[in-house]
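Below is one structure; the comments refer to it alone.
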């Protein structure tokens with residue numbers, strides 16, 4: 001009984017294989033689309049236009065020959081400009097000889113479009129900034145305490161003159177991070193614009209994140225600015241207390257003397273109330289929550 005079952009399975013498998021072999025021996029037609037690749041450009045030239053960018057190909061061949069187009073490595077339709085450097089519009093079919101993978105075992109029925117527009121320009125190179133295209137969603141009570149930076153922060157780009165000249169920055173692929181609560185260094189791939197080349201695939205993107213807290217700084221002295229040599233500006237009080245919001249580690253390193261509070265004499269002379277608000281100059285990623293007192297009395301003394 002067991003040997004009979006094995007025999008039935010063997011016959012069944014053999015029948016399927018025979019059917020597949022016979023089917024793949026028949027002729028079929030297949031249509032697919034491949035990207036256009038330009039080779040052998042004139043010296044110091046770059047491509048600035050290929051229109052359209054893909055070729056639609058209809059071929060005929062035996063089934064097993066067509067399998068390579070469905071499951072094999074992606075192909076390109078190569079256009080060799082070695083003998084066509086001054087041509088702006090070319091016949092697609094004229095370059096079949098550059099694509100032996102099409103004609104070796106199959107018959108090309110049609111190529112669309114019939115004409116391809118190609119434009120080349122003088123090559124140009126420049127340095128462009130790298131822009132980190134990143135979205136950060138922070139865990140509650142956490143936030144950014146530094147700029148988001150890239151390493152390297154710029155890159156040398158190459159391409160046709162008219163397109164390269166207009167590019168000021170190269171973006172990374174969009175990155176979105178959620179529930180962020182710590183500083184990170186991540187790798188991000190660069191987005192390559194059409195017809196632009198550069199010798200780098202990815203960059204390091206880094207940023208600092210800390211828990212965001214409030215901290216009170218007392219006895220912050222108020223600086224007096226632009227006071228004439230024959231006058232004095234007497235402030236009451238001469239120092240203030242400031243509540244700042246920022247990263248917990250950044251605030252821990254900050255002292256009252258690091259905070260710049262000032263009153264400008266040029267603002268005082270236009271004041272009619274007898275009190276003025278001090279100006280607080282802070283580094284980025286710090287926020288003033290409160291100033292005590294927030295209005296300062298003053299007297300202008302003349303010598």
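Annotations
- Filter result (touching a residue at least 40 places away in the same chain (Cβ under 8 Å) and in contact with a helix residue (DSSP H, G or I) (Cβ under 7 Å, 6 or more places away or on another chain)) within the range 185-212: 195, 210, 211
- Test for residue 43: is it loosely packed, with under 13 Cβ neighbours inside 10 Å, modelled with pLDDT under 85 and within 24 Å of residue 164 (Cβ to Cβ): yes
- Candidate set from the range 109-130 (those that are crowded, with 16+ Cβ neighbours inside 10 Å and within 16 Å of residue 202 (Cα to Cα)); member that is nearest to the chain's Cα centre (by Cα): 130
- Residue within the range 219-238 that is within 30 Å of residue 133 (Cα to Cα), at pLDDT 95 or above and out of contact with any helix residue (DSSP H, G or I) (no Cβ under 8 Å at 6 or more places or on another chain) present: no
- Test for residue 261: is it outside the structural domain of residue 141 (by TED's automatic domain parsing) and touching a strand residue (DSSP E or B) at 6+ places or on another chain (Cβ under 6 Å): yes
- Qualifying residue in the range 149-166 (condition: in a loop (DSSP other than H, G, I, E, B), modelled with pLDDT under 95 and out of contact with any helix residue (DSSP H, G or I) (no Cβ under 8 Å at 6 or more places or on another chain)): yes
- The range 228-261, subset surrounded by fewer than 16 Cβ atoms within 10 Å (Cβ to Cβ) and part of a loop (DSSP other than H, G, I, E, B), residue nearest to the chain's Cα centre (by Cα): 255
- Flag for residue 15 being modelled with pLDDT under 65, on the phi < 0 side of the Ramachandran plot and in a helix (DSSP H, G or I): yes
- For the range 96-125, the set of residues classified as within 21 Å of residue 194 (Cβ to Cβ) and without any contact (Cβ under 8 Å) to a residue 40 or more places away in the chain consists of 115, 125, listed by residue number.
The values are calculated or read from the model by the stated rules, or taken from the named source; none is laboratory data. All of these numbers come straight from a predicted model, not from anything done at the bench. Note that we place each Cβ from the backbone using ideal geometry, even for glycine, and neighbour counts take in every protein chain shown.
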